[in-house]
1. How long are the semi-axes of the equivalent ellipsoid of the protein assembly as shown, defined as square roots of 5 times the Cα gyration tensor eigenvalues? Whole Å, largest first.
2. Please work out how much length the chain gains when fully extended from B:I383 to B:V327, using 0.36 nm per residue of separation minus the C-alpha to C-alpha distance, in nm with one decimal.
3. As a quick test, which of the pairs A:K203/B:K206; A:K72/A:K103; A:K221/B:K249; B:K73/B:K416 have an alpha carbon distance above 20 angstrom in this structure?
4. Within 10 Å of each Cβ in peptide A:211-221, how many partner chain Cβ atoms are there on average? Round it to a whole number, please.
5. Quick check on the stretch B:317-444: what are the equivalent-ellipsoid semi-axes from the Cα gyration tensor, as sqrt(5λ), descending, whole Å?
6. Please list, in order along the stretch B:21-27, the HN-Hα scalar couplings obtained from phi with the Karplus expression 6.51 cos²θ - 1.76 cosθ + 1.60 (θ = phi - 60°), rounded to whole Hz, x for Gly and Pro.
7. Give a residue-ordered list of calculated ³J(HN,Hα) values for the stretch B:415-430 (Karplus: 6.51 cos²θ - 1.76 cosθ + 1.60, θ = phi - 60°; whole Hz; x for Gly, Pro).
8. Put +1 on the Cβ of each Lys and Arg and -1 on the Cβ of each Asp and Glu in the stretch B:61-108; which of B:V90, B:G71, B:A61 then has its Cα farthest toward the positive end of the dipole?
Amino acid sequence: MRLHLAGAALGLSLLGPQLASAHEGAPLVLKKVDKALAKKPDSSKLLIKKADLQRTLGLHQEALETLKAVPKEPQAWLIEARTYQQMGEARKALPSLNRFLEKAPESPTALWLRARIHREIGKPAAALADYQSAMKRSQHPDLYLGAAEMMKQLGQGKQACQSLEAASHKLSEAAILLESGALCYLKLNQAQKTLELTQGILKKAQNGARWLVIQSQAQTKLGQKAEAQKSLEQALSQVQSQLEKRTAPSVLLQRAQIYLALGKKPEAVADLQEATRRAPFLKEAQKLLMQHSKGAGAAQ
Amino acid sequence: MNLLIASSLALSAAALPSRGPYIQQSNENSSYIVWRTEADSSGKVYYGEDGLTQSADSSAAGKQHEVKLSGLKAGTKYVYCIDGMPNCKVGGTPAYSFTTSPKVGEKQPVRFWAVGDSGTASGIQALVRDQMLKRTKYRKPDLFLHVGDMAYGSGTFSEFQIKFFGMYANILAHTPVWPAIGNHEGKTSDSVSTEGPYYQGYVLPKGGESGGLASGTEAYYSFDYANIHFIALESQLEEMRAEDGAMLKWLQMDLAATNQDWIVAFFHHPPYTKGSHDSDVETAHIQMRERALPILEAAGVDLVIGGHSHIYERSYLCYGAHETPTVAGNSIRDNKDGKLAGAGAYIKNADEDGGLHVVAGHGGTPTRQDSPTDHPLMYFTEIENGSVVVDIQGDVLRLENIRHDGEITDSVTVLKKNGLVATISSDEFVAGQKVDIHYQSNISGQKLSLEYQVEGGSWQTIATDLAEKGSYSWTLPDTQEKPLQVRLSTADGKYRYQVPGNFPVLSNPFKEVFAADAPWKFHFAETNKDWTAPEFVDVEWGEGKGSFAVCGCVPWQCGCGTYIADALLVPTVYFRKSFTIDSLPQEYELNMLYESGATIWLNGKQIYQGHLKEGMAFDERALPSSIGAVQESIRGSGADLKVGKNVLAVVVKKGHGIRPNLRFEASLRTRGNFQEASSSDCSCATASSRDHGFLALSLIVPLLVTRRRRKVTKDADI
């Protein structure tokens, strides 16, 4: 039997925060649900609600315990899958998720979830199949990114790049797909394609520094050294003018990346130091700083 | 965006909107006009800059119409109407207007309204809306941001219709709305497939059509308006919040690509709250704080607006508090109040000086705080309904919380590098009245000057040689009722700030005739058709003090003056009030609140009709156009009054819906002396009575309205 719930095909009401979406906070709702359960201990609806609230509050073991009382409810299977996934036990999430998808095979959100789980447990082919099934009902960028990643893992690099490129056009020139496609082609040494996709973002961006760096990498691969240098200088100039307006740590990180591409390591390190001082939470800056700080010399 | 395919059956050429019209995806050069019709029909918009000069058709016939008007000029007002409306044709009568976005990057004054968790179709939602309209009467918002939960309980089509598109119809027809999805919309609308009533209703820029980088989905997006970059995120679905997911990657890219002066992010689950939800224990809040906020802060976000928690909370200027639980630590970058009339504006000279966080989950649903303490990063918390208006001008951001009763209970100012700001603390301006102008500048070494201008005339000095921060007591000039503007400038004239709005200065002040809690006669059965006549005898009618309600009184909603419990099942209540005046005023102002429809007669002459039509029977309810309480201010000529006894007669009707209420309250005030030349139909005033200056009033119950004028302790900075 297929699940005939209005939201099931969309993955609604069954997956996420909806069950815990009362006007009160989750802890308070949980107390109320417990109170209601004291009167109606067998209520599947209440038990499912309780489990989802427990999951939302990070009470994973408790959620699994609650779900044992509703073994035949599709919603419970989905919550169980989510709980295991959140616990980092992706493999355990699969059986219940499979059961749910037997009932609601077209739910893009459930398919997406299973794709992520397959990915986590190292089953790229199964993950790819799920991403592609989800795409039949949904056009979300995440699905295309995930599918491309799986294709790469399966050694289908070229198809991955083509898929990203096609998706970017299908999804209103989505920047994330254009950039991922550009980098994908760069890795395959199809630098001309990288240039084409990068242009798609540069047309829209007020500040194109990030993509000018990618452009320069592609130009370098194409042997266009002068153009590559020019792209970097243009990137630097755009970041400089941005810094006049905004002193944001992310802009300093961007400038550091340009300096690195220009071979100006001390300047890059100085920017990275400043960026991490201002934003200790900026992980990418920290990572780059670790990589490049050794022997960089002082750049005051 | 969803275009419904037309049915070949029942296709009519032009049909009146059953929803809308509303403005979507507006930018410098184009705007969508969106509306729905009951039956399948073709859709056409007539529009133009100076009257209706051209038309545009929807690409397909159906019920949902999304017509793109292209080739428009930036920052320009256009008028429009929908085919099928009266005289809607080239050269015809415009019904609405909208203004295209200013050029991206342009430093011009911008005002936006932010609301969250409003979708109840309750009287309080309507009050919140009306108090915003009242507060912004001299300067309307350019944009309307909604931070989610706009249609309780499940965001269904019909809930959207009543609780959002119906409730805000008059605003939406003129002002572009930019939404972020809430968890209640998420019950019937799916952000992965972008299907459901939320995604059907809106036309959002997934391709970067209004600035910003293309997100590829309507679930999250960005847009530019003047020098502000706005970002709407999807916070209610776990997949969207994934650390390695497309949304947060796109967010990083989008922020890297913007050069705008200001960054405003809005989404449903705020990073910090201790209201009806707790950001330390609930996953969505935690993940938005731990995952999205670091990206926003690294790029220098200035303002983050959320909802979900049914409360108003406003933070200090803070930065870098991402851990769970949140502790203040050194994340509060400025621990003062941020008020011009207090310790001064927050100064943001560098991006890491932090941003403001506002929880605006108080737009219409009952407010509450479950936590025993306020959030440590919040300067101000209020468990009352309201909404937020934000002004951004040059290097200045000002935010006000407008409570449901009209009080400005919180205001805060942020000054960037070259920011200077001034505010005037008065709701109404009367010649000769003293008003305080608070001002502050973040430009060192420059003295300041204050100036005013009357209706486009030359700028005249109020004060010069002012220090960097202070207040100036200014006696308002008599502008002969013309509006004035005020600005603050540096001595070298390089930097200026114009106080938002054109303020009309009244030559004479208003004085109260009767207050909202004055007694009225009322009757809730079929009555004589002459009941509106001044001479009608109403001695048999009941009597009670305002405000009146039939479906329960909530103190701040209706005051519980008289609870007409017997009228619970009755759709109509009649009210009459006698009052006397001993000289004719120049003008009267009747301020009232009713739910849901009303018609008013003054001395037998109809002066107002709202959501009712002529000749409605006793059993009939108000027109479906009315949702919730309506707050109206009617001004009329003093010639409509008589020296001696006057009579107001009011019929109020219940609306539709599950639990329609019937409420009514009114207060009257007058000002000035009647001038013969200004009216043609008054023969009752004697010369001597007009010479008295202002009214000498004989009030039936001259009680002052204090109920809705509660003072709050934390704020005095208007």
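1. Taking √(5λ) for each eigenvalue gives 51, 36, 27 Å, largest first.
2. That pair, B:I383 and B:V327, stretches by 18.0 nm at full extension.
3. With Cα atoms farther than 20 Å apart: A:K221/B:K249; B:K73/B:K416.
4. For this peptide, the per-residue mean of nearby foreign Cβ atoms is 0.
5. 26, 22, 11
6. Taking θ as phi minus 60°, the curve returns x, 9, 9, 9, 6, 6, 9 Hz for the stretch B:21-27.
7. 10, 8, 2, 10, x, 9, 8, 9, 9, 10, 9, 7, 7, 9, 10, 10
8. Most positive-ward Cα: B:G71.
Values quoted throughout were computed directly from the atomic coordinates according to the rules given, and no laboratory measurement underlies them. Treat the numbers as computed from the prediction; the structure is a model and nothing was measured. Positions of Cβ are generated from backbone atoms using ideal geometry, with glycine treated the same way; all protein chains shown enter the neighbour counts.
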